[in-house]
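Enquirer: Just dropping this structure here.
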Amino acid sequence: MKRINYFGLLSLVVLNMQLQAQEFKQLIKGRVVTTGSSDPLVNATITQQHGTIKTFTDRNGKFAISLSESDTLVISHVGYHEKRIAFSSIQTLSNVEIKLQQVEKELSEVVLNTGFQYIPKERATGSFDHIGNKTLNLQVGTSILDRLNSVTSSILFDNTKIRSENKKLNFNIRGLSTINGSQDPLIVLDNFPYEGDLNNINPNDIESVTVLKDAAAASIWGTKAGNGVIVITTKKGRFNQSLKIELHTNTILSEKPDLFYLPQINSGDYIDVEQLLYRDGAFNSLINNSGRTAISPALEIFEATKDGSLSTADSAAMINVLKEIDVRDQYNRYIYRKAITQTHSLNLRGGSEKMTYFLSGGYDKNISSLDEKWERLTVRGENRFRPIKKMELTLGLLYTTVRSKSGKPGYANDGFSIGTRSVPYIKFVDESGNPLPVTIDYRPGYTDTAAAGKLLNWNYYPLEEYKHNKTQQSLHSILATVGIQYQIVKTLNLDVRYQLETQGAQTKNWANAQSYYSRNLINLFSQLDPVTGMIKYIIPPGDILSRATVNTQAKNVRGQLNFNQSWN
């Protein structure tokens, strides 16, 4: 009986299969380049779809790999779309050119922009935060600062309206670094310091923001970076990109501010404190002031009771009425309203092998809770051209126009005060909703009798003043950039950029003849003729127009040599 050696037979079968596989595999040589520029793609991965053989492209983008006739070639690289090529579709085995198209993704997934160069995160020194487009769109608003609020650490926002020459922005990075110097961070827009108003930039045109927080930023931008740096990168078109259209439209409704959120002393206790201080003589210098400075209604009642012109019973009744008044109720009912913000933006971008384009337009409108009106129109365009293989030209233009109008006086910052104090029991509207006068600068006993009572009405009406005293602002800004890049040799390129920024802002305040501002100013300089009894107006009665114009121009030019070489 014969014995069959199954192990030997199985080995022969496997050997035969390997020989057959080797017979059908052929050596393929080629080169991997980027779409558009045809630059070699280094370290691209070349694999078989149904095999284990893997190789990488060299510094010239070249590779060689064996592939069977039934298999598929897989080419991949970080930041580029993967490509698969079947053996049957390969025309030549010795000179295959494969083009990979770059993936359009956020810079935070690849590199950081310092304003001078793009570097990988792992190579960046110092403390920084990178906010990509997806994170920026988590919040809505008309300013990029609205998008940055609460999305990154170490940035502190101050929402008060207090501004100074040293502090023009409402935020700082890691606290204050100086007292008398500038407290604002440096703003860098597309690789150049930005001198204009951040509100001129449409946040829907911004691709990403990098926040440089510590001294490492000063090594790049110098002493201006002492308060930190905000690097803003705008959206751009890409070479060999099909047309991409983005439309953003938002409507934001905001409730009235809660004036009762922070507890404060009520009117009854406030008047009791005033009465205690009055008895101790704390207000004597104010009451006897030769300038007739205004005092609160409660102090007027105390004075009238003291000199006997008002009975004790009437005084107590009037004080009890004042104790029931809370000025915040009137602000809520007659001053504040719901705010509405509308933002609309449309942009188009794309590119061919020789040119990229980006065009956007935006319109934003805001009506605040104090009826302040603000609107902005922005138009931006940018093109990049490649007239020859080694040269790239960049042209960019941003035009912004902003208009705003003042509104009603607010409770916290713009509210009126009597003399030197804010008083919580002021009533400026009667039960029928009609405006009531309020004394703010001078005592009624003086304004009612000055110049024999022949002067203009000297009363201040909080509910009416904003209608007669209006401030309008208009701003026009143009930001133009031009740049040229030239590849001198493979590892060295020249980058020259120029930026021109012009901005003109006009402020106009129109106080008509019925405004308190005009009446007060006219009365202060008016003279009574003791002989004729006629009033001589040194300042003629009428409207008062005030204008202010501020023009800003900034020019920047930069030449830069970039060397890029990898070893091993």
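The values are calculated or read from the model by the stated rules, or taken from the named source; none is laboratory data. Predicted model only: the values in this text are computed from it and were never measured. Cβ coordinates were reconstructed from backbone atoms using ideal geometry, including for glycine residues, and neighbour counts include every protein chain displayed. SASA here: full protein model, heavy atoms, side chains in, ligands and nucleic acids out. Shrake-Rupley method; radii C 1.70, N 1.55, O 1.52, S 1.80 Å.
Enquirer: Restricting attention to the range 250-295, and to residues there that are among the hydroxyl-bearing types (Ser, Thr, Tyr) and farther than 30 Å from His344 by Cα, which single residue is most open to solvent (accessible area, probe 1.4 Å)? Even if it seems obvious, please write down each step before you answer.
Expert: Pass one, the range 250-295, residues among the hydroxyl-bearing types (Ser, Thr, Tyr): 251, 254, 261, 267, 270, 278, 285, 290, 293.
With the extra rule that they be farther than 30 Å from His344 by Cα, the set shrinks to 261, 267, 270, 278, 285, 290, 293.
Details: Tyr261: 169, Ser267: 7, Tyr270: 42, Tyr278: 35, Ser285: 94, Ser290: 99, Thr293: 34 Å².
Of everything passing the filter in the range 250-295, Tyr261 is most open to solvent (accessible area, probe 1.4 Å).
Enquirer: What is the number of the single condition among (1) acidic (Asp, Glu); (2) over 27 Å from Gln241 (Cβ atoms); (3) modelled with pLDDT of 75 or more that Glu23 does not meet?
Expert: For Glu23, the exception is condition (3).
Enquirer: Go through (1) out of contact with any Leu (no Cβ under 6 Å at 6 or more places or on another chain); (2) aliphatic (A, V, I, L, M); (3) under 28 Å from Gly36 (Cβ atoms) and name the single condition Leu348 misses.
Expert: Looking at each condition in turn, Leu348 falls short on (1).
Enquirer: For Ala451, which of the numbered conditions (1) touching a Leu at 6+ places or on another chain (Cβ under 8 Å); (2) closer than 26 Å to Gln330 by Cβ fails to hold?
Expert: (2)
Enquirer: Every residue in the range 126-153 that is in contact with a Ser or Thr (Cβ under 8 Å, 6 or more places away or on another chain) and in a helix (DSSP H, G or I), please.
Expert: Asn133, Leu136 - these are the residues of the range 126-153 that are in contact with a Ser or Thr (Cβ under 8 Å, 6 or more places away or on another chain) and in a helix (DSSP H, G or I).
Enquirer: Counting only residues that are among the aromatic types (Phe, Trp, Tyr) and in contact with a Leu (Cβ under 7 Å, 6 or more places away or on another chain), how many does the range 218-259 have? Reasoning before the result, please.
Expert: If we filter the range 218-259 for residues that are among the aromatic types (Phe, Trp, Tyr), which is where we start, we get 221, 239.
Pick out the ones that are also in contact with a Leu (Cβ under 7 Å, 6 or more places away or on another chain) and you get 221.
Residues that pass the stated criteria total 1.
Enquirer: Let me ask something else. State which residue is farthest from the chain's Cα centre (by Cα) when the search covers only the range 552-568 and only residues that are exposed (fewer than 10 other Cβ atoms within 10 Å of the Cβ) and among the polar types (S, T, N, Q).
Expert: Asn568
Enquirer: Tell me yes or no: at least one residue of the range 331-349 is over 28 Å from Ser143 (Cα atoms) and either out of contact with any Phe, Trp or Tyr (no Cβ under 8 Å at 6 or more places or on another chain) or not β-branched (Val, Ile, Thr) (or both). Don't jump to the end; show me each part of the working.
Expert: Taking the range 331-349 as the starting set, the residues that turn out to be over 28 Å from Ser143 (Cα atoms) are 333-334.
Now drop any that are not either out of contact with any Phe, Trp or Tyr (no Cβ under 8 Å at 6 or more places or on another chain) or not β-branched (Val, Ile, Thr) (or both), which leaves 333-334.
Yes, the range 331-349 contains a residue that is over 28 Å from Ser143 (Cα atoms) and either out of contact with any Phe, Trp or Tyr (no Cβ under 8 Å at 6 or more places or on another chain) or not β-branched (Val, Ile, Thr) (or both).
Enquirer: So, in the range 300-331, of the ones that are of a type outside the set (Phe, Trp, Tyr), open to solvent by less than 40 Å² (accessible area, probe 1.4 Å) and more than 19 Å from Glu274 (Cα to Cα), which residue ends up nearest to the chain's Cα centre (by Cα)?
Expert: Arg328
Enquirer: Inspect the range 477-490 for any residue being more than 30 Å from Met391 (Cα to Cα), of a type in the set (A, V, I, L, M) and loosely packed, with under 14 Cβ neighbours inside 10 Å and give the result as yes or no.
Expert: Checked against the condition, which is being more than 30 Å from Met391 (Cα to Cα), of a type in the set (A, V, I, L, M) and loosely packed, with under 14 Cβ neighbours inside 10 Å, the range 477-490 yields no hits at all.
Enquirer: Could I ask something else about it? Please indicate, with yes or no, whether at least one residue in the range 444-459 is closer than 30 Å to Asn383 by Cβ, modelled with pLDDT of 90 or more and either open to solvent by 30 Å² or more (accessible area, probe 1.4 Å) or within 33 Å of the chain's Cα centre (by Cα) (or both). Steps first, please.
Expert: Residues of the range 444-459 that are closer than 30 Å to Asn383 by Cβ, as a first pass: none.
No; the residues of the range 444-459 include none that is closer than 30 Å to Asn383 by Cβ, modelled with pLDDT of 90 or more and either open to solvent by 30 Å² or more (accessible area, probe 1.4 Å) or within 33 Å of the chain's Cα centre (by Cα) (or both).
Enquirer: Looking at the range 414-446, which of its residues are of a type in the set (Val, Ile, Thr), under 23 Å from Phe525 (Cα atoms), in contact (Cβ under 8 Å) with a residue 40 or more places away in the chain and outside any loop (DSSP other than H, G, I, E, B)?
Expert: Ile418
Enquirer: Tell me, which residue of the range 373-421 that is among the acidic types (Asp, Glu) and either open to solvent by 40 Å² or more (accessible area, probe 1.4 Å) or in contact with a Leu (Cβ under 6 Å, 6 or more places away or on another chain) (or both) is nearest to Phe192 (Cα to Cα)? Outline the logic, then answer.
Expert: Of the range 373-421, the ones among the acidic types (Asp, Glu) are 375, 382, 392, 414.
Narrowing the set further to residues that are either open to solvent by 40 Å² or more (accessible area, probe 1.4 Å) or in contact with a Leu (Cβ under 6 Å, 6 or more places away or on another chain) (or both) leaves 375, 414.
Values: Glu375: 26, Asp414: 37 Å.
Taking the candidates together, the pick is Glu375.
Enquirer: Among the residues of the range 359-372, which ones are assigned to a strand (DSSP E or B) and either open to solvent by less than 70 Å² (accessible area, probe 1.4 Å) or in contact with a Gly (Cβ under 7 Å, 6 or more places away or on another chain) (or both)? Quick ask: steps written out before the conclusion?
Expert: Let us first name the residues in the range 359-372 that are assigned to a strand (DSSP E or B), namely 359-367.
Of everything in the range 359-372, those that are assigned to a strand (DSSP E or B) and either open to solvent by less than 70 Å² (accessible area, probe 1.4 Å) or in contact with a Gly (Cβ under 7 Å, 6 or more places away or on another chain) (or both) turn out to be Leu359, Ser360, Gly361, Gly362, Asp364, Asn366, Ile367.
Enquirer: Could you pull out the residue among Lys323, Lys354 that is over 17 Å from Ser143 (Cα atoms) and in contact with a helix residue (DSSP H, G or I) (Cβ under 6 Å, 6 or more places away or on another chain)? Steps first, answer last, please.
Expert: Working: Lys354 fails: in contact with a helix residue (DSSP H, G or I) (Cβ under 6 Å, 6 or more places away or on another chain).
From the options Lys323, Lys354, the qualifying one is Lys323.
Enquirer: Give, as residue ranges, the strands (runs of 3 or more DSSP E) completely inside the range 171-250 that count at least 1 residues that are touching a helix residue (DSSP H, G or I) at 6+ places or on another chain (Cβ under 7 Å) and closer than 27 Å to Gly559 by Cβ. Before you say what the answer is, go through the steps one by one.
Expert: Working: elements: 171-173, 186-189, 206-212, 229-234.
Fully inside the range 171-250 and qualifying: 186-189, 206-212, 229-234.
Enquirer: Out of Val379, Val402, which single residue is free of Cβ contacts under 8 Å to residues at least 24 places away in the same chain and β-branched (Val, Ile, Thr)?
Expert: Values: Val402 fails: free of Cβ contacts under 8 Å to residues at least 24 places away in the same chain.
None of the other options fit; the residue is Val379.
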